[in-house]
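Everything on this sheet refers to the single structure shown next.
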Amino acid sequence: MAAPEHDNSGVRFPPPLLYVLGLVIGWLLERRYPLASLPRNVALGAGIVLIVSGLAVARAGARTIWKASSSIIPMRPTTAIVSDGPYALTRNPMYLGMVFIYIGIAFLIRSPWALVLLPLVVLGVDRLVIAKEERYLRGKFGETYVNYCSRVRRWI
């Protein structure tokens, strides 16, 4: 039996789009109003390390959810509260991983503007995505989710 259509967080767009939007705007600003950036070799090394680290964190989060037979797509129903693996340390390891990836890409494209915009991107993810997801999870799982939130921080 299919889940009811309203059994989801209410997020209507893929959350990575917010990160992409911040990077594109930062890149465009950098082309128009350049800021000082890290030396190319430092930016390359740091960028690669951050991207690989972010991919590892995000993948660990996704694998843990898949192992619980739930979905990483916020437009689909959540079937379980996952609290092990990276979810024992942060309620949002995939979004946290995307922050590392974002910073790494900002270094690779040598765009300090993208870094300046990162707090707005994180705020957008927090308000437009995470707030809706948490409201949905509180409504669906009640005390189980509230107790989990009291033990584990939203980001880090």
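The values are calculated or read from the model by the stated rules, or taken from the named source; none is laboratory data. Everything quoted here is computed from the prediction, not taken from an experiment. Counting neighbours? That spans all protein chains shown, and the Cβs are built from the backbone with ideal geometry, glycine included. Side chains included, ligands, DNA and RNA excluded: accessible areas come from the protein's heavy atoms. Shrake-Rupley method; radii C 1.70, N 1.55, O 1.52, S 1.80 Å.
Quick check: is even one residue across the range 142-155 open to solvent by less than 20 Å² (accessible area, probe 1.4 Å) and modelled with pLDDT under 95? No, the conditions are met nowhere in the range 142-155.
There is no residue in the range 25-35 that is touching a residue at least 24 places away in the same chain (Cβ under 8 Å), charged (D, E, K, R) and farther than 24 Å from P119 by Cβ. Selection of first residues in the range 136-147 that are farther than 19 Å from S71 by Cα and of second residues that are at pLDDT 95 or above, restricted to Cβ pairs under 7 Å at least 6 apart or on distinct chains, gives the following pairs, ordered by first then second residue: V146/R138. Residues that are outside any helix (DSSP H, G or I) and on the phi > 0 side of the Ramachandran plot within the range 77-106 are absent altogether.
Just checking, which of G85, G97, G139 is more than 17 Å from F13 (Cα to Cα) and open to solvent by less than 20 Å² (accessible area, probe 1.4 Å)? Of the residues listed, the single one that is more than 17 Å from F13 (Cα to Cα) and open to solvent by less than 20 Å² (accessible area, probe 1.4 Å) is G97.
If you go through the range 52-69 one residue at a time, do you hit one that is touching a residue at least 60 places away in the same chain (Cβ under 8 Å) and under 19 Å from P16 (Cβ atoms)? Walk me through it before giving the result.
Here is the first cut: in the range 52-69, the ones touching a residue at least 60 places away in the same chain (Cβ under 8 Å) are none.
No; the residues of the range 52-69 include none that is touching a residue at least 60 places away in the same chain (Cβ under 8 Å) and under 19 Å from P16 (Cβ atoms).
Of the residues screened, L123 is one that is closer than 12 Å to Y19 by Cα, open to solvent by 20 Å² or more (accessible area, probe 1.4 Å), at pLDDT 95 or above and out of contact with any Leu (no Cβ under 6 Å at 6 or more places or on another chain). Contact map, the range 108-119: first residue of a type in the set (A, V, I, L, M, F, W, C), second residue assigned to a loop (DSSP other than H, G, I, E, B), Cβ cut-off under 7 Å, separation 6 or more or different chains; pairs are W113/L35. So in the range 8-66, with the set limited to residues that are in a helix (DSSP H, G or I) and among the aromatic types (F, W, Y), which one is least open to solvent (accessible area, probe 1.4 Å)? Here the residue is Y19. So I73 fits all but one of (1) surrounded by fewer than 17 Cβ atoms within 10 Å (Cβ to Cβ); (2) under 13 Å from the mean Cα position of the chain (by Cα); (3) part of a helix (DSSP H, G or I); what number is the exception? Condition (3) is where I73 drops out. In the range 101-115, the residue that is farthest from S37 (Cα to Cα) out of those that are of a type in the set (A, V, I, L, M, F, W, C) and open to solvent by 40 Å² or more (accessible area, probe 1.4 Å) is I105.
Report yes if some residue within the range 14-26 is β-branched (V, I, T), closer than 26 Å to V152 by Cβ and at pLDDT 95 or above; otherwise report no. No, every residue in the range 14-26 fails to be β-branched (V, I, T), closer than 26 Å to V152 by Cβ and at pLDDT 95 or above. When Y33, Y87, Y102, Y95 are checked against the criterion of being over 22 Å from A131 (Cα atoms), of a type in the set (F, W, Y) and out of contact with any strand residue (DSSP E or B) (no Cβ under 6 Å at 6 or more places or on another chain), Y33 stands alone in meeting it. Picking from residues in the range 107-156 that are of a type in the set (G, A, S) and in a helix (DSSP H, G or I), the one that is farthest from V52 (Cα to Cα) is G139.
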